[in-house]
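The values are calculated or read from the model by the stated rules, or taken from the named source; none is laboratory data. No experiment lies behind these values; they were computed from the predicted model shown. Virtual Cβ from ideal backbone geometry, glycine too; neighbours counted across all protein chains shown. Accessible surface areas use protein heavy atoms only, side chains included; no ligands, DNA or RNA. Shrake-Rupley method; radii C 1.70, N 1.55, O 1.52, S 1.80 Å.
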Amino acid sequence: MIHTLVEFLREPITPFTDYNHICDHLCGYERERERESKVPPPQVYCLKCDIRKYFDSVDHEILLCLLRKRISDPCVMWLCEIIVRSVSHGIPIGNLTSQLFANIYLNELDQYIKRTLHEKQYIRYMDDFVILNADKRQLHIDKKCIIEFLRDRLKLELHSKKSDIFPVERGIDFLGYRVFTSYITLRKSTVKRVKKKLKKYIQDYRQGNILRTDIENAFHAWYGYAKHARSWRVQKSIKELIER
């Protein structure tokens, strides 16, 4: 029943802004620099933010108010309210509806950044988001405005240790990748984590608890993830470990 609700709601109530990938934004700056080769290239800065304890901090009344703006069917709204109020606070990570509700909640932030702050180079994945701008001062203004908007409108706050402004040449950590202006690598912690997981699989295989195909199947999705970065050496080393 919940799955049906998600499918029913997804199209009519998720008019989210369409965002390009970070690397597209960064490479866009690079292409612009090539076209304007006679002009000194501008320094581009990144405002990278993380919302503190996002899923636990979602306010039920605000979320239900946002849902009512999009849902006209009282039966569907009744079911949504049952799901939202099934926990004492926030929305549980892992529920089929949680990702949808989380995006509806932060769509308010998306619209604010795009329509009020007029930032063009913006991307968000759940509670992590990035803004690119050549004007560092503007990013500091944006950060202050975003803090106030989250506090006053959504009862959320930025993570003080995970919200920073820095030059893009330093690379942007996002979704397990480290994104640079012309290429992407895997974050070191991502590689370390997957190798640790692989060692556990190999130990289980040697003890006869799983089959070799179980290891191969488990890491098939990871290869699809890793291929988007410069990671052929890492992929090669992991394949060699699996094939031993």
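Structure data summary
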item: Cα gyration tensor, the stretch 87-193 - rounded (a/c under 1.5), prolate or oblate; result: oblate
item: Karplus (6.51, -1.76, 1.60) ³J(HN,Hα), θ = phi - 60°, over the stretch 99-110, in Hz, Gly and Pro reported as x; result: 5, 5, 4, 5, 6, 4, 4, 7, 4, 4, 5, 4
item: Cα point-scatterer Debye curve for the stretch 178-223, base-10 log of I(q)/I(0) at q = 0.29 Å⁻¹; result: -1.03
item: Computed FRET value (nearest 0.05) for LYS197 with ASP50, which takes r as the C-beta separation and R₀ as 22 Å; result: 0.40
item: Cβ-defined net charge surrounding VAL84, 13 Å radius [Lys, Arg +1; Asp, Glu -1]; result: -1
item: Whole-percent carbon and sulfur share, accessible surface of the stretch 94-244, 1.4 Å; result: 50
item: For the stretch 150-212, the Rg and Dmax computed from alpha carbons only, in angstrom; result: 18.8, 56
item: Selected from TYR177, GLY224, LEU241, residue furthest toward positive end of dipole (the stretch 148-244; charges at beta carbon); result: LEU241
item: Virtual spin-label span in nm between ILE93 and ASP73, 7 Å along Cα→Cβ; result: 3.1
